[in-house]
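Have a look at the structure below before the remarks.
The values are calculated or read from the model by the stated rules, or taken from the named source; none is laboratory data. Everything numeric in this text was worked out from a predicted model, so none of it was measured. Glycine gets a Cβ as well: all are built from the backbone with ideal geometry, and neighbour counts include every protein chain shown. Ligands, DNA and RNA are excluded from the accessible area calculation, which covers all protein heavy atoms including side chains. Shrake-Rupley method; radii C 1.70, N 1.55, O 1.52, S 1.80 Å.
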Amino acid sequence: MSLVRVQVPATSANLGPGFDCLGIAWELFTTVELVPLAGGLFIEVSGEGAAEIPRDERNLVYQAARAVFRQVDQAPGGLRIRITSGIPVARGLGASAAAVVGGIVAANVLVGRRLSVRQQLALACQMEGHPDNVAAALLGGLVVAALADGEVKYVRFTPPPGLKAVVAVPELRLATRTAREVLPKQVNFQDAVFNVGRAALLVAALLQGELGVLGTAMEDRLHQCFRFNLMPGVKKVVAAARLAGARGVALSGAGPAVVAIADANFELIARVMRDTFRQSGIPTRVLILNPCPVGARALERK
Ligand code: HSE
């Protein structure tokens, strides 16, 4: 019997202004195991959100693996899937992207690595709808990615040393679909200019290690202001984390988790973020995470 085990990192998309194009991977993992069988589908899930993750054909890891098998026209008769989920679900830390990428990478190993990294990324992006989380989950580090003519164009780089994330994960859930439904169909020209400048500044600052500009560079006018209305207390947490010494603060992806980028004062920032959520009556845990320089990878094959 052959078993493939793949570890996939959590990700924060957007980092404020980089809507749908910027993502960073963190050292917090979901593990996906696939075992080909003669027949049947058996899915076991443990860890974060285990009770809500479907154990049938709706399962994202299964759907991603099936997409690979279809693309290469090579499929096992059946499949056993074991998911150990370390990424909080529906909080903005890329749990669904990790499931998709884990399923794709593991299935690709099972079929003899017939898909290139670009093909895996294209498939993941098709399933997820936008490239930011899946690109960072697949490639690790920081990834700038954009869709062009049906292809994902990307540049990956390593975050500056010493940078960590303090991520406040409230006991609130927000499906990405809901968080996208509140966004406007059109944006004001000045707001677009505001975001273009900040997104460019953010990438340049992260490339050069100039963390002093992150306070400005992580501001956003395209999506966060609409989403704050869905999430009680979140806007105050962003402001409080800045005052506590974070270099820049934003929603992690579509939220409701808040990501504070810092190079010092991690414990203080964590306490302030937790206390500020609690003042709004929302229990919250806080994770202090290192950037993950590597993306999804197969750990072993027996
Ligand atoms: N860029 C996406 C969004 C990330 O903000 O909707 C969440 O999946």
Count, please, the residues in the stretch 75-99 that happen to be touching a helix residue (DSSP H, G or I) at 6+ places or on another chain (Cβ under 7 Å), within 24 Å of Ala250 (Cα to Cα) and in a loop (DSSP other than H, G, I, E, B).
4
Among (1) within 27 Å of Met218 (Cα to Cα); (2) open to solvent by less than 20 Å² (accessible area, probe 1.4 Å), the one test that Phe19 misses:
(2)
Looking at the stretch 197-227, which of the residues that are more than 21 Å from the chain's Cα centre (by Cα) and of a type outside the set (Gly, Ala, Ser) is surrounded by the fewest Cβ atoms within 10 Å (Cβ to Cβ)?
Gln208
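This table checks each residue for (1) open to solvent by less than 50 Å² (accessible area, probe 1.4 Å); (2) of a type outside the set (Gly, Ala, Ser); (3) within 30 Å of Ala204 (Cβ to Cβ).
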site	(1), (2), (3)
Asn59	yes, yes, no
Ile81	yes, yes, no
Pro131	yes, yes, yes
Ala136	yes, no, yes
Leu147	no, yes, yes
Pro160	yes, yes, yes
Conditions: (1) assigned to a strand (DSSP E or B); (2) open to solvent by less than 10 Å² (accessible area, probe 1.4 Å); (3) under 25 Å from Leu115 (Cα atoms). Ala64 meets all but one. Number of the miss?
(1)
When you scan the stretch 228-243, how many residues do you find that are at negative phi and either open to solvent by 10 Å² or more (accessible area, probe 1.4 Å) or not assigned by TED's automatic domain parsing to the domain that holds Glu181 (or both)?
11
For the list (1) more than 16 Å from the ligand (Cβ to nearest atom); (2) open to solvent by less than 20 Å² (accessible area, probe 1.4 Å); (3) of a type in the set (Ser, Thr, Tyr), I need the number of the one condition that Ser46 fails.
(2)
Could you give every pair whose Cβ atoms fall below 6 Å, whose first residue belongs to the stretch 241-255 and is farther than 15 Å from Phe266 by Cβ, and whose second residue is within 16 Å of the ligand (Cβ to nearest atom) and part of a helix (DSSP H, G or I), counting only separations of at least 6 or pairs across chains?
Leu251/Gln224; Ala254/Thr176; Ala254/Ala179; Gly255/Arg227
Does the stretch 173-196 hold any residues that are open to solvent by 40 Å² or more (accessible area, probe 1.4 Å) and under 30 Å from Asn265 (Cα atoms), and which are they?
Arg173, Val196
Among Ala124, Ala97, Ala148, Ala106, which is under 25 Å from Ile261 (Cα atoms) and small (Gly, Ala, Ser)?
Ala97
Only one of Pro161, Pro184 is over 29 Å from Ile104 (Cα atoms), more than 16 Å from the ligand (Cβ to nearest atom) and outside any helix (DSSP H, G or I). Can you tell me which?
Pro161
Determine whether Ala168 is part of a helix (DSSP H, G or I), away from the ligand (no atom under 15 Å from the Cβ) and either of a type in the set (D, E, K, R) or open to solvent by less than 40 Å² (accessible area, probe 1.4 Å) (or both).
no
Output yes when any residue across the stretch 87-110 is at pLDDT below 95, more than 15 Å from the chain's Cα centre (by Cα) and more than 24 Å from Arg227 (Cα to Cα), and no when none is.
no
Would you confirm, using the coordinates I've provided, whether Val237 is assigned to a helix (DSSP H, G or I) and either in contact with a strand residue (DSSP E or B) (Cβ under 6 Å, 6 or more places away or on another chain) or modelled with pLDDT of 95 or more (or both)?
yes
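Yes/no per residue for (1) within 16 Å of the ligand (Cβ to nearest atom); (2) of a type in the set (Phe, Trp, Tyr); (3) touching a residue at least 24 places away in the same chain (Cβ under 8 Å):
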{"position": "Arg58", "(1), (2), (3)": "no, no, no"}
{"position": "Ala64", "(1), (2), (3)": "yes, no, yes"}
{"position": "Ala67", "(1), (2), (3)": "no, no, yes"}
{"position": "Asp73", "(1), (2), (3)": "no, no, no"}
{"position": "Ser85", "(1), (2), (3)": "no, no, yes"}
{"position": "Val101", "(1), (2), (3)": "yes, no, yes"}
{"position": "Val111", "(1), (2), (3)": "no, no, yes"}
{"position": "Asp132", "(1), (2), (3)": "yes, no, yes"}
